[in-house]
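Novice: My questions will all concern the structure given below.
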Amino acid sequence: MIFSLISEPEFECKDSELLSQTSEIQNVCEYVSIESNKTKYCRNFEYPNGKSATLNSEFDLVCDSEANTAFFGMIKLTAELSMSTFMLGSMIFTPILSQLADRYGRRITYLLPLWMTVIANVGCAIAPTYLIFLICRFIAGVGTAGIGTIGFVIILETVAPAFRSHTPLVSTIIWVAGYCTVGLVHMSFESWRVQYFILSAPFLLTFSFYWFVFNFF
């Protein structure tokens, strides 16, 4: 769903020095200062479609500059980094959670990552800074690793052998239906935070799984 939130928005540079030099401020990331004759990066942006429309506009990720870096300039902050962070969490913890499921049972190792993912996604919707958003995305990736691997095993163990061949088809249909829902929500609401929350909050109901997923796996 994150792809619907990272579209490149229209923006205007509102640095006072640039405004004193020219009226061409649409989609300007850098300019040459008349006073110092040096290239400067724009630091003050205004968005015609609203600051809360996308991730890029919310956290001013529209230009490559020294301001959009972390860890002493070693990492460039971009909206696409949220996908990489999510995948990194999944990649690191998938084998770990699989081993824990074999040792401690699938119930606890399925429910905890599930709830972790729900809380992290809600955290993404209310994250005050982009770094906190990335941390929540990483945690969501960790939890999704457990949901995907352990959940699929639970499905195969609870479905009769005659119907196990149908489980990938049903799972794929549900997966695609979820992405279609993302499109509808994206067209219905302008703010990316509202979109994220609407798509994440219903999964708070999964806390009821505590009473429905039994410990015989």
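Residues checked against (1) at pLDDT below 85; (2) assigned by TED's automatic domain parsing to the domain that holds THR54; (3) under 22 Å from GLY105 (Cβ atoms); (4) out of contact with any Ser or Thr (no Cβ under 9 Å at 6 or more places or on another chain):
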position	(1), (2), (3), (4)
VAL142	no, no, yes, no
VAL176	no, no, no, yes
GLY183	yes, no, no, no
SER188	no, no, no, yes
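Novice: Of PHE152, PHE197, which residue is aromatic (Phe, Trp, Tyr) and at pLDDT 90 or above?
Specialist: Answer to the selection: PHE197.
Novice: Look at the stretch 16-59 and say how many of its residues are surrounded by fewer than 18 Cβ atoms within 10 Å (Cβ to Cβ) and not in a loop (DSSP other than H, G, I, E, B).
Specialist: Total meeting the criteria: 10.
Novice: Ok, one more. Given the condition at pLDDT 80 or above, touching a Lys or Arg at 6+ places or on another chain (Cβ under 6 Å), surrounded by 14 or more Cβ atoms within 10 Å (Cβ to Cβ) and not in a strand (DSSP E or B), answer yes or no: does some residue in the stretch 4-13 qualify? First the steps, then the outcome.
Specialist: Filtering the stretch 4-13 for residues at pLDDT 80 or above gives 10-13.
Cutting the leftovers down to touching a Lys or Arg at 6+ places or on another chain (Cβ under 6 Å) gives us none.
There is no residue in the stretch 4-13 that is at pLDDT 80 or above, touching a Lys or Arg at 6+ places or on another chain (Cβ under 6 Å), surrounded by 14 or more Cβ atoms within 10 Å (Cβ to Cβ) and not in a strand (DSSP E or B).
Novice: Moving on to the next point. If the Cβ limit is 7 Å and pairs must be 6+ apart or interchain, which residue in the stretch 35-62 that is over 9 Å from PHE11 (Cβ atoms) and in the same structural domain as ALA125 (by TED's automatic domain parsing) pairs with which residue that is crowded, with 18+ Cβ neighbours inside 10 Å and of a type outside the set (D, E, K, R)?
Specialist: none
Novice: Still on this structure, I have one more. Quick one: in the stretch 158-196, of everything that is under 21 Å from VAL213 (Cβ atoms) and among the aliphatic types (A, V, I, L, M), which residue is surrounded by the most Cβ atoms within 10 Å (Cβ to Cβ)?
Specialist: VAL159
The values are calculated or read from the model by the stated rules, or taken from the named source; none is laboratory data. Remember, predicted model here, so these are calculated numbers, not experimental data. Cβ atoms come from the backbone with ideal geometry, glycine included; neighbour counts cover every protein chain shown.
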